[in-house]
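Worksheet: the structure to be examined is printed underneath.
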Amino acid sequence: MNIVEKVISSHLVSGEMKAGSEIAIKIDHTLTQDSTGTMAYLQLEAMGIDRVKTKRSVAYVDHNMLQAGPENADDHKYLQTVAAKHGVWFSRPGNGICHQVQLERFSIPGETLLGSDSHTPTCGAAGMLAIGAGGLDVAVAMAGGPYYLTMPKVCRVVLTGRLHPMVAAKDIILELLRRVGVKGGVGKIFEYYGEGLMDLSVPERATIANMGAETGATTSIFPSDRKTREFFAARGRAGDWRELLADPDAEYDEEITIDLSSLHPLAAQPSSPDNVTEVSKIAGMQVDQICIGSCTNSSFCDMMRVAGILAGKRVAPNVSLTISPGSRQVLKALAANGALAKLIAAGARILECACGPCIGMGQAPATGAVSLRTFNRNFYGRSGTPSASVYIVSPETAAVSAVTGHITDPETWDGGEPPYRVPELFDIDDGLLIKPLKDTSKVEVVRGPNIKPVPKTAPPAETLSGSALIKLGDNITTDHIMPSNAKLLPYRSNIPYLADYCLTPCDEGFPARAKAAGGGFIVAGENYGQGSSREHAALAPLYLGIKAVLAKSFARIHRANLMNNGILPLVFTSEADYDAAAAGEEIIIPSAPEQIRSAAEGKPVKVTIGGRETETTLDITPRQRDILLAGGLLNYVRDGGV
Ligand code: MIC
Ligand code: SF4
């Protein structure tokens, strides 16, 4: 068996491990973060569960950290108390970015993790099967339910050769993105293999597993080998390590080979992670801002390479450089070995261990600025400044460019690759992790005024009708559908407020039009809903009365989020039907419940668009049929479904 099959077969609850068929797996661990977590715990509470049933569930606070008003702190209080009430670990603000901390403290090779964040696959670096999902799916897993997914194809990524100095793990994943694009991983798991792995530490593998999410893949996974054992030992967790390798005769659905020695530093240009070019081709471009950090590149190794490059140098006068270490463990190690002092001396602006600028929580660049970031997404508007041009690069490229003031190929840097030493044993300090209580009977859940109830869903009406409220192109991200920035993130627990910003980066008038019409439909192109796991990108449309989205194709997590909230994800069967559809046209789906039933038997769903009879597909399993007929997953679970 390959690694994916080994983990799935040992967790299989139902279904057959055949690519394309529905399977359900047992979830050992869950994680939530604050911007998706409030909804997930409100949903868990609505299920009436006293205590989570997983081996370990952790609630992190890492996104909503600006606290410009009481809303963020209200959410933190709710999360801390609701976690305590339900036997969930709580990672306090300041402890670090969820994926970094989960990898360092809680990853276990061969076990499963479901997280309400699309970068949950980060723990695949340590041989976990780690999958991102909507908050409601995670709530169901916390309540002990299995996680349903389509058995993905397994694509083996063979890494041969060795990286040149100053070429980084980030360049490997950018190369994969250059080859497969932002939807090339849909329906797949990337399983890594090859001699090239021997030079990649777990944090470097984590950069790759993390950003595999940008291909649309279900997840990415690495073997648990000697390197993995070193990682666990250095974190005082040797006992959690176990070997996990593919069998020598393992089979794969697909294979991609990357010769590491052929790679040079790469950059994703605005505004898509797959718009990749060589750094040498854009070298010389003046830079205004450089941000180093995020769950992709904030490990101890990343920070040490940056500190080595910046040591004894000064940030160029035209550049504002921010650095956010990924966790308190990383920050303490940098403080102890003097690297932090070097970063400060070079003029870096040290930010707290959190997502920060990656999700537009502060550090929005100047109008029209060029911003170089070591993050994973450069979607339009995500930095908080729509006119800014955001490039995604490695920490090496970022640090070297911070000194020169313009985009610089680190292979031309005469200092070469700075050496650094990884501690044999990190300072283990879990002081900001609060363990679950045995007796939770005295815990009071605190709900500030910012915590609003989850919108209710209802079973579909006999006829669904309304107009096409908007027509969109390809690759619409969840950052378009439900933008997140310092002004909006505080309202993640307040759907009525957020709904007024739904799809506004595409069309300012959308929310008002949807409200005036009492709801309707969205028409979109390929890969609709790529990016984040935020359920809000389904909840806000639900609140605005959206009944179905008609698209050429959907991103995995968003498609599940739509169905979980009772919204139909219909797929055009012909290009011409999409081309012909126009905003404002009337859309009618007759006999909706009946058509949902027959869709589960493989029949097309008939839709009238502007008077034209059109066939769409709704590729659903019997369980998904029942979820849609119940008006969403919460109703389905409440009615006794699993
Ligand atoms: C992101 O990187 O887009 C986020 C913010 O972490 C999201 C979660 C969210 O929207 O809260 C994600 O990746 O799922
Ligand atoms: Fe946080 Fe950015 Fe990672 Fe999302 S991608 S979890 S916002 S650091």
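Remarks
- Every condition in (1) crowded, with 21+ Cβ neighbours inside 10 Å; (2) away from ligand 2 (no atom under 16 Å from the Cβ) holds for residue 34 except the one numbered (2).
- One residue stands out in segment 126-156 among those that are in a loop (DSSP other than H, G, I, E, B) and within 16 Å of ligand 1 (Cβ to nearest atom): the one that is farthest from residue 238 (Cα to Cα), namely 134.
- Residue list for segment 566-578, restricted to those being farther than 28 Å from residue 459 by Cβ and over 31 Å from the mean Cα position of the chain (by Cα): 576
- Only one of the listed residues (49, 8, 25) is away from ligand 2 (no atom under 16 Å from the Cβ), touching a Phe, Trp or Tyr at 6+ places or on another chain (Cβ under 9 Å) and hydrophobic (A, V, I, L, M, F, W, C). That residue is 25.
- Residue ID - surrounded by the most Cβ atoms within 10 Å (Cβ to Cβ), chosen from residues in segment 372-383 that are within 11 Å of ligand 1 (Cβ to nearest atom) and among the aromatic types (Phe, Trp, Tyr): 375
- Checking the stated criteria, residue 614 turns out to be β-branched (Val, Ile, Thr), touching a strand residue (DSSP E or B) at 6+ places or on another chain (Cβ under 6 Å) and in contact (Cβ under 8 Å) with a residue 40 or more places away in the chain.
- Any pair with Cβ under 9 angstrom, 6 or more apart, that starts in segment 375-393 at a residue that is closer than 19 Å to residue 213 by Cβ and within 13 Å of ligand 2 (Cβ to nearest atom) and ends at one that is part of a strand (DSSP E or B) and among the aromatic types (Phe, Trp, Tyr): 378/391
- Of all residues in segment 1-43, those satisfying the criterion of being among the hydroxyl-bearing types (Ser, Thr, Tyr), farther than 20 Å from residue 127 by Cα and more than 23 Å from the chain's Cα centre (by Cα) are 14, 21.
- Near pairs, Cβ below 9 angstrom, 6+ apart or cross-chain, from segment 244-259 (closer than 19 Å to residue 17 by Cβ) to any residue that is of a type in the set (S, T, N, Q) and at pLDDT 95 or above: 244/224; 244/228; 245/224; 246/2; 247/2; 250/2; 251/2; 252/2
- Qualifying residues in segment 206-222 (those that are within 25 Å of residue 20 (Cβ to Cβ) and out of contact with any Lys or Arg (no Cβ under 8 Å at 6 or more places or on another chain)) - the one nearest to ligand 2 (Cβ to nearest atom): 213
- Test: residue in segment 345-359 that is hydrophobic (A, V, I, L, M, F, W, C), farther than 23 Å from residue 490 by Cβ and in contact with a helix residue (DSSP H, G or I) (Cβ under 6 Å, 6 or more places away or on another chain): yes
- Among all positions in segment 358-371, there is at least one residue which is outside any helix (DSSP H, G or I), in contact (Cβ under 8 Å) with a residue 60 or more places away in the chain, away from ligand 1 (no atom under 16 Å from the Cβ) and surrounded by fewer than 18 Cβ atoms within 10 Å (Cβ to Cβ).
- All positions within segment 44-65 that are surrounded by 24 or more Cβ atoms within 10 Å (Cβ to Cβ), within 15 Å of ligand 1 (Cβ to nearest atom) and over 12 Å from residue 78 (Cβ atoms): 60, 62, 63
- Residues of segment 466-493 classified as away from ligand 1 (no atom under 14 Å from the Cβ) and within 22 Å of residue 63 (Cα to Cα), total: 1
- Inside segment 110-125, residues that are more than 13 Å from ligand 1 (Cβ to nearest atom) and either under 19 Å from the mean Cα position of the chain (by Cα) or surrounded by fewer than 24 Cβ atoms within 10 Å (Cβ to Cβ) (or both) make up a count of 6.
- Tally of residues being assigned to a helix (DSSP H, G or I) and under 20 Å from the mean Cα position of the chain (by Cα) across segment 44-78: 0
- All of 555, 548 fail the test of being in contact with a Phe, Trp or Tyr (Cβ under 8 Å, 6 or more places away or on another chain), at negative phi and within 16 Å of ligand 2 (Cβ to nearest atom), apart from 555.
The values are calculated or read from the model by the stated rules, or taken from the named source; none is laboratory data. On a predicted model such as this, the values are computed, not experimentally measured, just so you know. Please note: Cβ atoms are built from the backbone with ideal geometry, for glycine as well, and neighbour counts cover all protein chains shown.
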